[in-house]
Amino acid sequence: MNLNIFVHWFKHVVMDYMFITYCFCDRYNTGLVCPHGWMEYDNSCYLFSKEEEQWTHAAILCSALGSKLVEIETKDENNFLTTFIDLYNEIYWIGLSDVQKEDDWMWMDSKETLTNLGYSNWFNQQPDNVNGNENCGRIAPNTSGAWNDFHCTATHRYICETPSGPYGKLPSG
Ligand SMILES: [Ca+2]
Ligand SMILES: [Ca+2]
């Protein structure tokens, strides 16, 4: 093998190796951690709905996908979601409600109260329970991801959340 042929062969070996490594990493990052169409962040997968539903229907639909209406435990998680809420420029339901007991706000799937968690991000003057009839939480775009209580029968887009894993088991979003 003369030198030119060797260099040519060696380049191919390196390029094949890089291609295989790239494909593997890409697949690992996007294919296996979250199902197609779901976004991965800090051990959770998120689905931003395209359709609008009442809060209760949104919770049922997330549940049917093996997930829950999103529960926001940290400022970092809220910031991550806010980026997309602002980008899509739509209002989204979140899994927060005080329907069980007035002004006792909790994440309804886990039953974790805001008081216990110690994190909340209400908009100024919220929750204000207008007409005594605002028991569900939502986030509007361009409000720094601030939460508002609103009447649960309004129809909005919604965000589902499920733990991420090495193998996606959910149907495509
Ligand atoms: Ca969460
Ligand atoms: Ca309100």
Two pseudo-spin positions, 7 Å from Cα along C-beta at N129 and at A154, lie apart in nanometres by 1.8
Listed by chain and number, the residues whose amide H is under 5 Å from that of W147, excluding neighbours fewer than 5 places away on the same chain and using placed H, are N121, W122, F123
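In what order do E134, E73 fall by count of nearby beta-carbon atoms within 10 Å, going from fewest to most? Write out the running numbers ahead of the final one.
Values: E134 19, E73 14.
Going from sparsest to densest Cβ surroundings: E73, E134.
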Tabulate in residue order the Karplus-calculated ³J(HN,Hα) for region 84-100, using 6.51 cos²θ - 1.76 cosθ + 1.60 with θ = phi - 60°, rounded to whole Hz; enter x for Gly and Pro.
-> 7, 4, 5, 5, 6, 6, 10, 7, 10, 5, 10, x, 9, 7, 10, 5, 6
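What's the Cα-based Rg to Rh of region 34-126, Rh via Kirkwood?
Working: Rg = 13.3 Å, Rh = 14.2 Å.
Looking at region 34-126, the ratio lands at 0.94.
Sorted from fewest to most neighbouring beta carbons within 10 Å, what does the list R138, R157 look like?
Details: R138 22, R157 18.
So the residues, fewest neighbours to most, are R157, R138.
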Karplus-derived 3J(HN,Hα), 6.51/-1.76/1.60, for each residue of region 107-114, Hz, glycine and proline x | 6, 6, 6, 8, 6, 7, 7, 4
Please sort by residue number the trypsin sites (Lys or Arg not before Pro) in region 64-115 whose DSSP state is loop and whose Cβ has at most 13 other Cβ atoms within 10 Å.
-> K101, K111
At what distance in nm do the modelled label points of Y88 and N116 sit from each other, each positioned 7 Å from its Cα along Cα→Cβ?
-> 2.8
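We did not get these values from a lab; they are worked out from the coordinates using the rules stated. All of these numbers come straight from a predicted model, not from anything done at the bench. All Cβ positions, glycine included, derive from the backbone under ideal geometry; neighbour counts span all protein chains shown.
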